[in-house]
1. In segment 1-53, what residues are open to solvent by 50 Å² or more (accessible area, probe 1.4 Å) and either closer than 19 Å to Asn63 by Cβ or under 10 Å from the mean Cα position of the chain (by Cα) (or both)?
2. Looking at segment 54-70, which of the residues that are open to solvent by 80 Å² or more (accessible area, probe 1.4 Å) and assigned to a strand (DSSP E or B) is nearest to Ala3 (Cα to Cα)?
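The values are calculated or read from the model by the stated rules, or taken from the named source; none is laboratory data. As the structure is a prediction and not an experimental result, all values here were calculated from the model. Counting neighbours? That spans all protein chains shown, and the Cβs are built from the backbone with ideal geometry, glycine included. Please note that ligands, DNA and RNA were not included when accessible areas were found on the heavy atoms of the full protein model with its side chains. Shrake-Rupley method; radii C 1.70, N 1.55, O 1.52, S 1.80 Å.
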Amino acid sequence: RFADAHVLRVARVHGRAVWVVSFLDPLTPAWFTLWVDSRSFQTLRLEMIATAHFMHNSNGRFNAPTSVEPPAAR
């Protein structure tokens, strides 16, 4: 299903060695770029570009405590 996959470069994100990987999903169609931790294989960052749409996703610490707060009152 995916085409034209490449490891573009090796980089560092927050001190971690990562592979920057790119591929095409021809069914969408959309180009994806992922920053993947080379030790844990966790995706740390994802970008997607498609016709009239783009997306950017950054992941923080995995298995870390989180909190959810309501929006401030008006």
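1. First, the residues of segment 1-53 that are open to solvent by 50 Å² or more (accessible area, probe 1.4 Å): 1-2, 4-10, 12, 14-16, 19, 26-29, 31, 39-42, 45, 47, 49, 51-53.
Matches in segment 1-53: His14, Gly15, Arg16, Arg39, Ser40, Phe41, Gln42, Arg45, Glu47.
2. Here the residue is Phe54.
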